[in-house]
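The values are calculated or read from the model by the stated rules, or taken from the named source; none is laboratory data. Nothing here was measured: the structure is a model prediction, and the numbers come from that model. Ideal geometry is used to build each Cβ from the backbone, glycine not excepted, and the neighbour counts take in all protein chains shown. All accessible areas refer to the heavy atoms of the entire protein, side chains included, with ligands and DNA or RNA removed. Shrake-Rupley method; radii C 1.70, N 1.55, O 1.52, S 1.80 Å.
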Amino acid sequence: MNEILEKAINQARKTMNENIGGPFGAAIINEKGEVLSVASNSVLRDNDPTAHAEVNAIREACRKLKNYDLSGCVLYTTAYPCPMCLAAIIWANVKKVYFGCRPQDAEKIGFRDDFIYRYIENKCQDKNVLDISELDRAECLKLFSEYQNMNKTIY
């Protein structure tokens, strides 16, 4: 067994048994193979639907590095990342991910990632999943323009 993935599995098992979250763990290593973070899902404890293992691992690694950019890092996770975690991984500039269980494995035990994949595949048009509508674009564009004129960091 891969020793980095094993750390993620062990962390997930520990917090799963403590009713902190589900069977999801993640670990991030840097280019030198040094472990930056090992985290698990803490949705139940934190009452936070975004507290997935991958997001928690990204947050911990970024705090450790004092940087929002994890270029060169590798993420290991017990399950294929959900759409939210995939987006977080991409935003963090992680280019390599190793996963254990497939999306179908998570769905088989009751996790519902698949309906989000279907929503995205259908161009986000199912209002039963999410009703999303544009509002006051002109005012929001002013805010964007202010940010751009301040020459702030684009990330």
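Filtered by the rule that a residue be open to solvent by 20 Å² or more (accessible area, probe 1.4 Å), out of contact with any Gly (no Cβ under 8 Å at 6 or more places or on another chain) and outside any loop (DSSP other than H, G, I, E, B), the range 35-56 gives 35, 46, 56.
Of all residues in the range 121-155, those satisfying the criterion of being assigned to a helix (DSSP H, G or I), under 26 Å from residue 68 (Cβ atoms), open to solvent by 100 Å² or more (accessible area, probe 1.4 Å) and not aromatic (Phe, Trp, Tyr) are 142, 143, 146, 148, 149. Of all residues in the range 1-34, those that are hydrophobic (A, V, I, L, M, F, W, C), touching a helix residue (DSSP H, G or I) at 6+ places or on another chain (Cβ under 7 Å) and either open to solvent by 20 Å² or more (accessible area, probe 1.4 Å) or over 18 Å from residue 101 (Cβ atoms) (or both) total 4.
When the residues of the range 85-111 are filtered to those that are among the basic types (Lys, Arg) and under 15 Å from the mean Cα position of the chain (by Cα), the one that is most open to solvent (accessible area, probe 1.4 Å) is 95. Do you know which residues across the range 57-81 are surrounded by 22 or more Cβ atoms within 10 Å (Cβ to Cβ) and in contact with a helix residue (DSSP H, G or I) (Cβ under 9 Å, 6 or more places away or on another chain)? Passing the criteria: 57, 58, 70, 73, 75, 76, 77, 78, 79, 81.
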